[in-house]
């Protein structure tokens with residue numbers, strides 16, 4: 001019962017404070033509107049009680065001013081409800097400027113403290129600089145008049161000192177509350193800005209990675225096409241070789257189209273940053289497809305390719321990211337293999353993971369180079385027949401392996417070759 005009542009009260013308070021708050025409003029504007037709503041609901045209750053007390057003490061004009069304050073608070077809430085935010089603020093400031101000035105001048109009730117609170121609220125809530133300056137100037141003049149030129153009690157007897165002191169305390173609390181609320185808004189707003197800055201930074205980093213992938217994956221078939229066309233141009237091929245090369249050209253164009261389709265699909269997925277979507281898929285068909293992608297380079301170097309992966313072995317990972325990982329590692333294995341060398345790809349199950357090994361018998365690396373492989377300080381190295389690269393592939397591999405909850409290990413000896421071992425989750 002108590003919980004139900006608490007929820008009901010919270011819902012009521014939420015609805016009262018959010019009168020006219022639009023979900024499409026900026027954070028700061030929505031908080032300003034909430035503050036105005038809260039001030040006016042509280043003001044209505046206080047001024048209504050003041051009106052009753054002053055009426056009982058025969059201060060009829062002051063009671064009338066209190067009722068005017070209730071009416072203007074109601075008007076402000078109605079204007080907020082109908083999204084007339086500037087009108088609501090102008091009504092609130094102008095009407096209270098008049099009410100607090102008259103009450104302070106003729107009833108000596110501490111109205112100057114309410115005017116100071118109104119001055120602070122106006123300076124923070126009115127966006128138009130000319131309107132803000134004009135209203136603040138008028139409030140400042142009114143506050144000075146109340147303090148320096150108190151008027152004789154022509155409209156009724158002044159309030160007793162204890163009521164004036166009570167009003168002074170309420171006015172000071174109001175000033176402190178308004179300033180604290182605005183500081184809270186500013187602090188929260190700065191936190192939101194920092195969160196958005198971090199999100200934008202992360203999104204930009206993801207975009208950079210995607211552009212790197214685009215450059216890397218499109219460049220390989222383009223280089224192959226360039227080499228084949230150069231051979232045609234220099235008339236280095238026999239009739240039979242030309243027929244075979246035309247078939248290779250067709251395959252390369254087809255593969256390039258397939259790469260573009262895959263990357264387009266992936267880029268659409270990644271419009272909000274790189275996303276990892278895990279699915280179940282067979283490993284062997286993916287490796288065969290990737291080797292077909294490098295068919296010309298394998299032939300050019302006269303490499304022997306050994307693939308030892310069971311037909312039924314399947315992974316549970318992001319398919320596109322896994323393709324990028326393996327494509328980069330296979331590209332490096334081919335790139336750094338000597339002519340007539342051998343590239344081996346095999347896999348083994350280790351608990352809930354599948355270890356994929358890509359081994360070459362090429363240039364190899366020393367320990368210093370191995371330690372730099374997955375850092376931004378990595379430099380591009382030319383392959384055994386001068387193939388170029390960007391030095392970005394392994395950094396992307398490491399990132400995608402991490403996103404798929406995997407690991408990567410490297411073993412290498414200079415002039416004896418390298419083995420890259422990638423562990424990815426297997427299909428359970």
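The values are calculated or read from the model by the stated rules, or taken from the named source; none is laboratory data. Note that the structure is a prediction, hence the values are computed from the model and not measured. Here the Cβ positions follow ideal geometry from the backbone for every residue, glycine too, while neighbour counts run over all protein chains shown.
Checking the conditions here, which among 334, 325 is closer than 18 Å to residue 413 by Cα and part of a helix (DSSP H, G or I)? Steps first, answer last, please.
Details: 325 fails: closer than 18 Å to residue 413 by Cα.
None of the others qualify; the one that does is 334.
With the checklist (1) in a helix (DSSP H, G or I); (2) surrounded by 19 or more Cβ atoms within 10 Å (Cβ to Cβ) in hand, flag the one item residue 132 doesn't pass.
Result: residue 132 fails condition (2) only.
Would you please name the residue that is surrounded by the fewest Cβ atoms within 10 Å (Cβ to Cβ), looking only at residues in segment 7-36 that are in a helix (DSSP H, G or I) and touching a residue at least 40 places away in the same chain (Cβ under 8 Å)?
To start, the set of residues in segment 7-36 that are in a helix (DSSP H, G or I) comprises 7-17, 27-36.
Subset that is touching a residue at least 40 places away in the same chain (Cβ under 8 Å): 27-29, 31-33, 35-36.
Working: 27: 12, 28: 14, 29: 15, 31: 19, 32: 23, 33: 23, 35: 19, 36: 24.
Filtering segment 7-36 for residues that are in a helix (DSSP H, G or I) and touching a residue at least 40 places away in the same chain (Cβ under 8 Å), the one surrounded by the fewest Cβ atoms within 10 Å (Cβ to Cβ) comes out as 27.
With respect to residue 255, determine if the residue is surrounded by 18 or more Cβ atoms within 10 Å (Cβ to Cβ), modelled with pLDDT of 85 or more and assigned to a helix (DSSP H, G or I). Can you show your working first?
Numbers: surrounded by 18 or more Cβ atoms within 10 Å (Cβ to Cβ): yes; modelled with pLDDT of 85 or more: no; assigned to a helix (DSSP H, G or I): yes.
Spelling it out, it is not the case that residue 255 is surrounded by 18 or more Cβ atoms within 10 Å (Cβ to Cβ), modelled with pLDDT of 85 or more and assigned to a helix (DSSP H, G or I).
Taking the options 141, 98, 42, name whichever one is part of a helix (DSSP H, G or I) and either at positive phi or within 42 Å of the chain's Cα centre (by Cα) (or both).
Details: 141 fails: either at positive phi or within 42 Å of the chain's Cα centre (by Cα) (or both); 98 fails: either at positive phi or within 42 Å of the chain's Cα centre (by Cα) (or both).
Only one candidate passes the filter, namely 42.
Among the residues of segment 305-322, how many are under 17 Å from residue 421 (Cβ atoms), part of a strand (DSSP E or B) and within 38 Å of the chain's Cα centre (by Cα)?
So the answer is 2.
Only one of 368, 284 is free of Cβ contacts under 8 Å to residues at least 40 places away in the same chain, over 29 Å from residue 225 (Cα atoms) and not in a strand (DSSP E or B). Can you tell me which?
On the way: 284 fails: over 29 Å from residue 225 (Cα atoms).
The unique qualifying residue is 368.
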